[in-house]
Each structure stands twice: as C-alpha cells, then as structure tokens.
Amino acid sequence: MKLVKSTLFVITFIVALNVAPVNPVFASIRDMPVVRLGDTNDTVYNLQVELKKRGFYYADIDGNFGSDTKSAVIAFQQAMGIEDDGIVGRGTWQALRNPAGSSEMSRGFNGKLGQQIANFAKGFLGVPYAWGGISPGGFDCSGFVYYVYSHYGVSLPRVADEQYEFGQRVSANDMQPGDLVFYSTYTPGPSHVGIYIGNGQFVHASSGADQVTITAMSKAYYNERFLGAFRIVR
C-alpha cells in the first residue's frame, strides 16, 4: 500500500512539473491588478512580456514599470483605440487578452498609430540639423527617426544603415504615414532616412536644408536615390 501511494505521489509530481503555468494576462480580467508607473512586481514583468510579443516594448524585461514601459503601454493603447493614459487597468488587460488584437498587430498596419507618428514628427519642423543629434536641440536624419519612434516606445537602432534592417519592407505603392523611407546619399547604401507623412512627402532632418523639413519624394535628387520603404509599426 505504501508503495502504491509513493508511486502515485511521484507520478503526480512529474505531471505537475510538465503543466505550463497559467499566463496572468489570460486569467480572469476581474482579478488583474491595476499597474502604473513606479510599480515593481511580477504582473509588470508579464505585462512587459506581452507588450514585447506585440512589438511595442524593446527594453529589458525586469518587472519595473518605468518610462519605457509606460511609453509602450500608451502606444499599445493608441493602437487598440482605448484610453491612452499609460495605466494598465481592465480595458488594457482585455485588449492584451483579445487574440484579435494580437493578430491585428501581426497581420497589418495600424494606420491610426502611423498617422500619429507622422503628425508628431511634423511637430519638429525647423529644428536645426546637427550631426549626431538625437534631441529637439538638433537632429541628424537617423537621430530624428530614433527620437520620434522612441516617443512611442519603439527602440530603433541609432544609425540609418541599421534602421534599414529593422522593419518590414513595403512597396512604394503601399506606403502609409509612419513608414520609414531610405536613400543612398553621401555614401553607398542606406545613408539617409525620413518618415513618410502621406501625399508623396516625407519629413526628415536634412543636412542640405540644415533643419527638419518636408520634401516631396518626387524631387529628382531623392527620387534617384530611393532605396525603399520599411514599416516599423504593425
């Protein structure tokens, strides 16, 4: 009898080890705590995991709800069309739990968020060009793109040729506001980058204009040097 009990215990223990833990995001929404800036716990850790799966969070997964996590939450909320307060409550948990939200991110482009990125970028028109600049005090082309996307919780590589390898290529006919457009200018390969804003135009930090400006993609200089467009926000 003791042998039977011992055997049952061992089998039960082995089975338990092979049962995958329940992801808190897919537990009862009513039981999910509200998390916000400054919180540090396992719930935040799992939140970061889910946001990273969807392409909104690129920092370390550490369970600390810092500014990077808040920016990612806001970007996700905006993409899902829910209140973008940066606080993860029932509505945000529900959106994370909804498989449709996940498939939407992987299936196609979220035009609302792309337009927000384009509009935000246009807010820096006239900011001076500065080689190596990554702040509103002065931008170079890739520093401008890096800064704009970081505002939405997306951590891009710092330089244009590495940004060129980051997104998903789209055809010129399928470009949408928020897509990145790349050019071969002062050196072969992707050496210049801007953000497409629609109507055949892109906004960029231009060394020639010595500032952040809007340029038509049909302009001869850029038309001849166009390498392609890439989509970052999906």
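Nothing in this text is a laboratory measurement; each read-out follows from the coordinates by a stated rule. Everything quoted here is computed from the prediction, not taken from an experiment. Reconstructed Cβ throughout: ideal geometry from the backbone, glycine too, with neighbour counts over all protein chains shown.
Model label points for Ala216 and Ala172, set 7 angstrom from Cα along the Cα-to-Cβ axis, are 1.4 nm apart. Loop-located trypsin sites (Lys or Arg not before Pro) in the stretch 108-177 (DSSP state other than H, G, I, E, B) with a sparse environment of at most 14 neighbouring Cβ atoms within 10 Å: Arg158. Between Asp161 and Lys112, residue separation times 0.36 nm minus the direct Cα-Cα distance comes to 14.9 nm. Each Lys and Arg Cβ is given +1 and each Asp and Glu Cβ -1; about its Cα centre, the stretch 30-89 then shows a dipole of about 160 debye.
Restricting the stretch 103-193 to GluC sites (Glu not before Pro) that sit in a DSSP loop and have at most 14 other Cβ atoms within 10 Å of their own Cβ leaves Glu165.
Loop-located chymotrypsin sites (Phe, Trp or Tyr not before Pro) across the stretch 42-85 with a Cβ neighbour count of 14 or fewer within 10 Å are lacking, with loop assigned by DSSP.
Here are some pairs, Lys70/Lys219; Lys52/Lys122; Lys122/Lys219; which of them have Cα atoms lying more than 29 Å apart in this structure? Pairs exceeding 29 Å: Lys70/Lys219.
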